[in-house]
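Written below as structure tokens is the structure these notes are about.
Just so you know, all these numbers are worked out from the coordinates, no wet-lab data involved. Just so it is clear, the model here is predicted, and its values are computed rather than measured. Cβ placement follows ideal geometry from the backbone for every residue including glycine, while neighbour counts extend to all protein chains displayed.
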Amino acid sequence: MNEPQAIRRTRQVFLMDAAASGVMGFALLTIAGLLSAPFGIPAVMLRGVGIVLLPFAAWLVHLATRPTVGAGAVRIVVACNVAWVVASVLVLVGGWLSPTAIGTSFIVAQAAAVAVFAWLEGTSVRTPPTTAKRMEATGGRSVLAVGHLRNVAIGPEIAEYLRWIDGTLMPFGGHFLVHGGPTESLEGTWTGDLVIIEFPDRERALGWYHSEAYQAILPLRTRNAEGEVVLVDTVGPSHRATDILPDLEMAVDLVG
């Protein structure tokens, strides 16, 4: 399975962050006594930092090796790293400690490294502008990818497809509007499930469908469901039903 590039990058950054946090935590926990004097920082505080860093590193490894990497978890990691940077700055400017020049350099260096990790992790889940904002900026119309699925065989492959699809949509600004769910028939008989995904424009919709990441997971769905998938343009809020009359009249004239 070809994992989407954005997810692979997030896993890699998590593992780098975990390695740095783990090494730092182990060092501070084991040799805090040796570092205390040259740093001008109490050994008990250094050990406390080490105790915090080790489970944080283990948590990052857990996140990096999970079947899915959720944007919510990434944002929590970013928030933790940002809080760490802020705390490091407050330690220096708040006058709570009197570190030596070496200790000050250590605090600044580790805060800078954590800030870099926060930035890398944050950019991995940066959400593209919403479709509405894109439409407002460009004056264009969004495009819907509409799928009518029938006889869906729920199993491991469909579950894997669902785990990956969000990561394939994100680079193209796509998001779900309808994803199955109960229906209420008002006319006729309806069978199957309806899926509607909105994209800012047709180019991005086609780019998503034909992307390497989506094509890699597409067989997981097609092997386990029947149905049709089409692209259709939306209309603007000022659209009226009579707007299509000129096209209909032209079609009638051509047929006549």
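Ranking of Ile197, Ile51, Ile158 by neighbouring Cβ atoms within 10 Å, starting from the fewest: Ile51, Ile158, Ile197. Taking only alpha carbon atoms, region 131-255 gives an Rg to Rh ratio of 1.03, where Rh is the Kirkwood radius. Which residues in region 207-245 have a backbone N closer than 11 Å to a point placed 7 Å from the Cα of Glu160 along the Cα-to-Cβ line? Once the point is set 7 Å along Cα→Cβ of Glu160, 217-221 turn out to lie under 11 Å by backbone N, inside region 207-245. For His175, nonlocal amide neighbours, meaning residues 5 or more places apart or on other chains whose placed amide H falls under 5 Å from its own, are Glu198. Taking Cα centre as origin and charging only the Cβ of basic (Lys, Arg, +1) and acidic (Asp, Glu, -1) residues, the dipole magnitude of region 141-256 rounds to 340 debye.
Taking Lys and Arg as +1 and Asp and Glu as -1, the other residues whose beta-carbon sits under 15 Å from that of Arg221 total -3. Farthest toward the positive end of the dipole of the chain, out of Leu28, Thr183, Ala118, is the Cα of Leu28, where the dipole comes from beta carbon charges about the Cα centre. Computed over the alpha-carbon pairs of region 5-124, the distance histogram in 10 Å steps reads 14, 44, 29, 12, 1 percent, short to long. Applying 0.36 nm per residue to the separation of Met16 and Thr65 and subtracting their alpha-carbon distance, the gain on full extension is 16.4 nm.
Here the 3J(HN,Hα) profile of region 41-56, calculated from phi with Karplus coefficients 6.51, -1.76 and 1.60 at θ = phi - 60°, is 10, x, 4, 5, 6, 4, 5, x, 5, x, 5, 6, 5, 5, x, 5 Hz, Gly and Pro shown as x.
Other residues whose C-beta falls under 12 angstrom from the C-beta of Trp190 contribute a net charge of -2, scoring Lys and Arg +1 and Asp and Glu -1. If one takes the longest principal axis of the Cα atoms in the chain, at what angle in degrees, from 0 to 90 and to the nearest 10, does the Cα axis of helix 156-169 lie? In the chain, helix 156-169 runs at an angle near 80 degrees to the longest axis. Each label was represented as a point 7 Å from its Cα along the Cα-to-Cβ direction; for Leu194 and Val52 these points are 5.1 nm apart. An ellipsoid equivalent to the chain, defined through the eigenvalues of its Cα gyration tensor, has semi-axes of 53, 22, 13 Å when rounded to whole angstrom and sorted largest first.
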